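Down below is the structure, laid out as structure tokens.
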Amino acid sequence: MSSTKRLLVDDVDWSRLFHAYGVASDTAQHLQGLLSDDDAAFGEGLDHLHGAVLHQGTVYPATAPSLRVVAGMLHDRGRHQVLRRHDEHGRSRLASLLEWVDAVGDSASWHEDTRARDAAEPTHEDIDAFYRAMAADDETVWESDLNHYLWARSIAELPAACGEALTPVSTFLADEDEAVRLAALDAYVRLAAVQPDRATPAGPLAAAAQVASGRDERAVVVLGLGGLGTDTTR
């Protein structure tokens, strides 16, 4: 997908989403920083994903859209050159992003939709007022019924976003870079585990078993296949 910038600018209204610290208007810039040649910008973007978009494992309305954008970056081979850059510690950007995707999948596995079944759908006016108050640092919005509603809805939407990320992540299951490969395996298993149809994602994981090397890597594959209900006798 070569339209990462278009996706950020045109497809997502970040001013109508929030993360751990308020309105997510700053998230688009941080996501774009992930594709910057500037290592500091990438670091700030990754910190934003971990610290705001998925704060201590908590899901927010900005989480699923951010996952979709990151998945688009992973899917776009034209972006792989910059994502394969390594920091001063030799750490791959690509592996770091896959680890964040893994963390999102983990959160999706233990969050539950707590919205009341008979909750009334909020009006556009209600939502506009909510975000105006949040932008004005009105602390009362965090305890409001609408905050609870939007938060619960974001949890309910996350498995679908995880499903969309499966294919982009699967392209790294046999990557030559061991750190990338292991991070992709962990992420893929997490994403697959929250899908209603677990048989389909088992295919790429079974294929990865053919090229897995090392005990840890083989263990992730076998445990992942077992979790998806696949026969692991062989």
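Brief remarks on what is shown
- For the range 45-171, with all protein chains in place and a probe radius of 1.4 Å, 47% of the accessible heavy-atom surface sits on carbon or sulfur.
- The label-point distance for Thr140 and Gln210, in a model that sets each label 7 Å from Cα toward Cβ, rounds to 6.3 nm.
- Cα gyration tensor shape of the range 65-192, rounded if a/c is under 1.5, else prolate or oblate by comparing a/b with b/c: prolate
- What separates the Cα centres of the range 119-156 and the range 13-74 is a distance of 20 Å.
- Most mobile listed residue (Ala156, Ala136, Ala24) in the chain, GNM with C-alpha springs under 10 Å: Ala136
- Inter-probe distance in nm under a simple model that places probes 7 Å from Cα toward Cβ, at Ser15 and Thr232: 4.9 nm
- List Glu176, Glu125, Glu217, ordered by accessible area with a 1.4 Å probe, largest first: Glu176, Glu125, Glu217
- Taking the C-alpha atoms only, the angle from helix 215-227 to the longest principal axis of the chain is near 60 degrees.
- The shape of the chain comes out oblate: with a ≥ b ≥ c from the C-alpha gyration tensor, a/c is at least 1.5 while a/b does not beat b/c.
- Under 5 Å, built H, 5+ apart or other chain: amide partners of Val59: none
- Ranked order, Thr63, Thr123, Thr200, Thr233 - accessible area, probe 1.4 Å, largest first: Thr233, Thr200, Thr123, Thr63
- The range 67-114: C-alpha gyration tensor shape, a/c 1.5 cut-off, then a/b vs b/c: oblate
- Neighbourhood charge, 12 Å Cβ-Cβ cut-off, centred on Val70 and excluding it, Lys, Arg +1 and Asp, Glu -1: -1
- Computed label-point distance, nm, for sites Ala156 and Asp39 using a 7 Å Cα→Cβ extension: 4.5 nm
- Other residues with beta-carbon under 10 Å from the beta-carbon of Asp102 carry, at +1 per Lys or Arg and -1 per Asp or Glu, a net charge of -2.
The values are calculated or read from the model by the stated rules, or taken from the named source; none is laboratory data. Source: prediction; values computed, not measured. Positions of Cβ are generated from backbone atoms using ideal geometry, with glycine treated the same way; all protein chains shown enter the neighbour counts. The accessibility values were calculated without ligands, DNA or RNA, using every heavy atom of the protein model including side chains. Shrake-Rupley method; radii C 1.70, N 1.55, O 1.52, S 1.80 Å.
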